[in-house]
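Since the structure comes first, as structure tokens, the remarks are kept for the end.
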Amino acid sequence: MASTGSTSNKERPPRSSYVAWDSATLRWADIDVYGHMNNARYFELIDTVVNDQLAAAVGTDIRELPAIGVVAEVSCRYFSEVTYPGSLDLGIYVERLGSSSIVYRVGIFQGDADGDGALAAAEGRFVHVYVDNTDPARPVTALPAVVRSAVEPLVR
């Protein structure tokens, strides 16, 4: 559930924190009984923007790579309500690029970039750990070179 309390602007990431962008249109079904976007929808958006950016940058079906990213951790900090109707801007950057994992940050913004939407309404943290896609035991393995090359431009 989104927080309605005030949070200092120091904690709310600005748009300039993010390297790449996507967008989403809110649907009536995204809104909960309290009149704001349901917390489950935030996690869907975070997952979607990470995997869309990755698939576009790699240029191939990421499910067919010898190592695939599985979600090891996901969290979200809520700063202000997201309400219907409207659209969202979704910013992304890589916080950490490791040997077998990637930590992404996804900012969710609603409103004018120069006004109410200048600061994130929410920010997600999403961790992919890479596992061997050819071994049924799925042991942790090194990032494929194609993935590393694809996400390096997102590192901040």
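Structure notes:
- Counted residues, segment 122-154 - those being among the aliphatic types (A, V, I, L, M) and within 14 Å of Ile92 (Cα to Cα): 5
- Test: residue in segment 70-78 that is modelled with pLDDT under 95 and either surrounded by 14 or more Cβ atoms within 10 Å (Cβ to Cβ) or among the small types (Gly, Ala, Ser) (or both): no
The values are calculated or read from the model by the stated rules, or taken from the named source; none is laboratory data. Predicted model only: the values in this text are computed from it and were never measured. Cβ atoms come from the backbone with ideal geometry, glycine included; neighbour counts cover every protein chain shown.
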